[in-house]
Amino acid sequence: MVERVIRTLKEQCVHRQRFDSLQHAARAIGDWIAFYNTRRQHQALDMRTPAEAFASAA
């Protein structure tokens, strides 16, 4: 599962842009992770975000 997340991160974030600095890369990847967890719907979670799935499981 972790390998799939890393592959998605590379495909949807890292490989689509050039980073000017390590700080730029860290900011862009952090933004993408926030998007992935709070706004991107996941088929495996019945089209919910991970945040929504976690909240309903608690």
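Looking only at residues in segment 13-58 that are polar (S, T, N, Q) and within 19 Å of Met1 (Cα to Cα), which one is surrounded by the most Cβ atoms within 10 Å (Cβ to Cβ)? Working first, answer last.
Filtering segment 13-58 for residues polar (S, T, N, Q) gives 17, 21, 23, 37-38, 41, 43, 49, 56.
Subsequent filtering for residues that are within 19 Å of Met1 (Cα to Cα) retains 37-38, 41, 43, 49.
Working: Asn37: 15, Thr38: 11, Gln41: 11, Gln43: 7, Thr49: 17.
By that ranking, first place goes to Thr49.
Among the listed residues Ala44, Ala51, Ala28, identify the single one that is modelled with pLDDT under 95, of a type outside the set (Val, Ile, Thr) and either in a helix (DSSP H, G or I) or more than 9 Å from the chain's Cα centre (by Cα) (or both). Spell out the reasoning first.
Details: Ala51 fails: modelled with pLDDT under 95; Ala28 fails: modelled with pLDDT under 95.
Only one candidate passes the filter, namely Ala44.
The values are calculated or read from the model by the stated rules, or taken from the named source; none is laboratory data. Everything quoted here is computed from the prediction, not taken from an experiment. For neighbour counting, all protein chains shown are included, and Cβ atoms are generated from backbone atoms with ideal geometry for every residue, glycine included.
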